[in-house]
Structures are given as structure tokens and as C-alpha cells.
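Below is one structure; the comments refer to it alone.
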Amino acid sequence: MPEARKPQKKITTTCKILLCASILYSASGAGLPLAGGYGGLGTAEAAGERTGQAALAALGTTADAPAPEALRRFAAEAVGQLAQAEPFTAWAGANTAIEPLGPGTHSWLVTVAAGGSSQGGASGVPPGASAPRGYLIISATESGDYKLVEYGMGAYSVFDPALLEAALRQSGLGAAAAGRVTAVPLYAGPALAAWKVRLPDGGEPQYVNAADGEWLPETTGSWDKQAGGYAPPRLAASSRAPSSPAPIVYTSSLFDPYDNLLWMTAKPLALKSDAFIGKLKTSRQLVYAASGAERTYSFPLPVYGYQTWTNGDPSAAPSAGSEAVYVVTGTDTAIRLIALDALMASGQFVAF
């Protein structure tokens, strides 16, 4: 795991407005507002609000809802496979909880709660972080098998309730009001993960980005229109064909897309899945930008590594169609690995 960087400053509202006018990549050719800055709420702001698992119950969400036995087996197998190498070794023997991610998407959040404490460095979790906490997101296909869409670990990972709590408090909701808020986790792919929040005033639902705790410019209509097109990635670790992960390959250290905004005017790379690794190795750093005609916002993800899952022996040369590539991205506090096929379906890559 690359050395953790100091927390970045949250991007200012003025800067957001200026960025909204810049060119981003949508099918219609129109610019999209950027949702939040690098790391969203930021480590310092979120850390002061963290209350752990109690947040789920306080905010009216469900935890460890019944899940199909086949899903549980696949989740346990994936956790066990990942636990064999860094940075996921703390997952060995870990407890997991499974909850559905919204109606209609047939996706589940698997929360991995590892015991002990992190010393940082070797485990991939920044020094001073709490016990390693991780997640997997698994989606069911129409044919009945399960796909591992993404996974990661660290403080303030995707769907960490502490980020949601911090977002509510930033909006002026104290503990009493927060207790009357209901929040449902929704997932329609890695570029569309959010909490659907109903506030005490009884107004229209609002949406909070599950990856960084930023309030999003979504409505129920805009969300449903985008989520309706979600399909699990074809090239991903699957319950139908057992596979094994190779070691993570880092092509650079963690970087901040906002350090250099020239990528926003660069031409998107015309990449096919089988050419991605070669391009990443050459460029070392890429930026992923979510896009699409129906999107109401966009956001950048720094890309600085990859991990492959291969049928059979991961050290053997992969055959065509047997290898699933996961893109390494993340923040100062968490690492996130996302199926390349899922990202290519909802956005584009540019050189940084």
C-alpha cells in the first residue's frame, strides 16, 4: 500500500462552481458538476463525528439482513481469498455482516469487521486508524450467479455510517434530529452509490454520496433513471467460476486529481479492457471520470494500480476471458478496488 498522504483540504464552494463550467465527459457533451473534493468530507472533519456501528441503528438502516446461502458462501470465499495477501490479511477469520443495497438492484454490502488494531504501513491502513474494517459489494446477475463488483478497506470506506453521520451534522442536524432520519443504502454501480435520506421535515428524499459523504444534486427521478440501467460487470470474480486474486500491482503512489486540473480538458482514452493494464503501466497515473447523458454530477477517481483475479492458478498465464481486472483507487484513509468492466460502463479514463 502506498504511503498515506496528509488529509487534503476540502474543495471550496467557489472552486466547485468554477469546475462546473469546465469540460467533463458526458454523452451529450455538456459539462457536469463535480461532486465534492478529494476525500469528500475529509479525514479531519469525519474523524470528529465517527461513532461506529451504532450509526446504522440510529439512522434507521438495516444490518445483516437475511441473504441467500449461495451469496453467503461466495462472500466468505472472496474474503478468504483476499485475506491471503496484503493489505487484507487482517480479514482472516473476520466476522461479516450482509445487508441489501436498495430495492431492485440485487446488490448487497458485505461489511468485514476484523478484530485487533492496526499499526499502519504493512496492513495498508494509515497509522492511527481503528481496527481494519472492510467491505465487498456483490451483485446478482440475471442468470443467478454473483459478481464481486468492488471491495476495499480502511477508515471511511464506501457506505461507512460515520460519513453519513458527518453529512447530517454538517447540515445542522443534532443527535436528536439525526435519530429521526431514515437512510437507505442504494447501489447502481461504483459510480452511483449513495444513501437515500429522508429528513425529519418530511420533504423529498435527498442523497449523500456513499464514498465521501457529500450531498448530491440527485432527485428520486434522476436517481431512478440512472439506476435503471445498472447491470453487474461481465468481467468480475464470479460465484460460477472460482478464481483467485494475484498480488496488487501499484503503478504509483496515491495522488490527488485536484492537484492538476488539466486532465479535465484532456481527450478521454479509447481503451479496451485488454489494453488497460498496459496503458496504466505506461502512464502510471490515470483519472477516472464518471459520465453519461443522464448523470447530474461527476467526480474524479485517482487510479494508481490494479489487481487481477484469474480462474485457476493466478501465477499461470491467463486465457482470453478468464481474467478480471480491478482498478486500485482510494483516499488517504481507505483503499478501493473496483471491477474495470463496471467503471468502463459508466465513465471514461484520462491521463493525469
Set the Förster radius R0 to 51 Å, insert the Cβ-Cβ distance between residue 95 and residue 262 as r into 1/(1 + (r/R0)^6), and round the FRET efficiency to 0.05. 0.70
Under the rule a/c < 1.5 gives rounded, and otherwise a/b versus b/c splits prolate from oblate, where does the stretch 233-352 land using the Cα gyration tensor? prolate
Neighbours of residue 278 by Cβ distance under 13 Å: Lys/Arg at +1, Asp/Glu at -1, summed charge +3
Environment charge at residue 295 (Cβ cut-off 12 Å; Lys +1, Arg +1, Asp -1, Glu -1): -1
Distant-in-sequence amide H partners of residue 199 (H built 1.01 Å from N, under 5 Å): 206
Two-site label geometry, residue 241 and residue 281: point separation in nm, points 7 Å out along Cα→Cβ: 2.2
So, in nm, how far is label residue 294 from label residue 77 when the simple model puts each one 7 Å beyond its Cα toward the Cβ? 3.2
What nm value, rounded to one decimal, do you get for the distance between residue 113 and residue 145 when each label is placed 7 Å out toward the C-beta? 3.2
Full-stretch length increase - residue 85, residue 253 - with 0.36 nm per residue and alpha-carbon distance subtracted: 58.6 nm
Any chance you could run the full-extension gain for residue 220 through residue 269? It's 0.36 nm times the residue separation minus the Cα-Cα distance, nm to one decimal. 14.4 nm
Which far-off residues, 5 or more places away or on another chain, put their amide H under 5 Å from the one on residue 305, with H placed in the peptide plane? 251, 328
If Lys and Arg each add +1 and Asp and Glu each add -1, what is the summed charge of the other residues whose beta carbon sits under 13 Å from the beta carbon of residue 195? -4
Proximal aspartates and glutamates relative to residue 279, as straight alpha-carbon distance under 18 Å, when same-chain residues fewer than 8 apart are discounted: 323, 341
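Rule-based calculations on the coordinates, nothing more; no lab input. Bear in mind that the values here come from a model prediction, so they are computed numbers and not experimental data. Cβ sites come from the backbone with ideal geometry, for glycine too, and all protein chains shown count toward neighbours.
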